[in-house]
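Quick notes on the structure that follows.
The values are calculated or read from the model by the stated rules, or taken from the named source; none is laboratory data. The shown structure was predicted, so the numbers you read here are calculated from the model rather than taken from an experiment. The protein model used for the area step is the full one, side chains on, heavy atoms only, and it has no ligands, DNA or RNA in it. Shrake-Rupley method; radii C 1.70, N 1.55, O 1.52, S 1.80 Å.
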Amino acid sequence: MRFRERVTPTIFAFLVSAMVIPAVLIVFWPINATVGIILAVACYLGICLMLWLSSPVIEIDSTTLRVGSARVPLRHIGEVTAYANRERARMAAGPELDARAWTCLRGWAPLSVRVEISDPLDPVPYWLFSTRRPVELQRELKRAAAAVQQR
């Protein structure tokens, strides 16, 4: 494994999710306080689990780039661009975005990487996905793609 990153929400997202606890308590406290506490904690833990499980994993191994459930062989990787600036990443994901592009963007990770797809049979021109380490990912992806092309 050359690179691995799980793009998890920030601690702030988990703290904001805790607002479900008083909401559930308000509803169930008059009925049964014990049930309200159990349900409030269960709801919060469920939300935290959903946030964790919905966080995409980015992996680069010796032959493949994987982002979430999508995969592309490294031999079909073209130019790789790291958007290590929030404003530049926002422009890439907004006004400059090609409607045919494959995206995996998360609001809690404002930086991104663009990977050109060179497969002539693939209708997707590029991937654009969130990461917290765009420069490192770009470097490792270029190294891995170069190693595959040398074989």
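Here are the numbers for this structure:
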read-out: Percentage relative contact order, segment 20-89, counting C-alpha pairs under 8 Å, at least six apart; value: 16 percent
read-out: Heavy-atom SASA rank of 79, 87, 5 (probe 1.4 Å, accessible area, largest first); value: 79, 87, 5
read-out: Among beta bridges that DSSP assigns inside segment 14-151, antiparallel share in %, nearest 5; value: 85 percent
read-out: GNM top mover of 125, 95, 134 - the chain, alpha-carbon springs below 10 Å; value: 95
read-out: Heavy-atom accessible area per residue - the chain, 1.4 Å, Å²; value: 58 Å²
read-out: Percent RCO, i.e. relative contact order, over segment 20-151, from Cα pairs under 8 Å lying at least 6 residues apart; value: 21 percent
read-out: Rounded tilt (10° steps) of 33-53 against the dominant C-alpha axis of the chain; value: 0 degrees
read-out: Carbon and sulfur %, accessible surface of the chain computed with the full protein complex present, 1.4 Å; value: 62 percent
read-out: Euclidean distance of C-alpha centroids, segment 90-109 and segment 17-73, integer Å; value: 24 Å
read-out: Contour excess over end-to-end distance, with Cα ends at residue 61 and residue 6 and 0.36 nm allotted per residue; value: 18.3 nm
read-out: Correct choice for Rg/Rh (Cα atoms, Kirkwood Rh) that was computed from the model, options (i) 1.07; (ii) 1.14; (iii) 1.01; value: (ii)
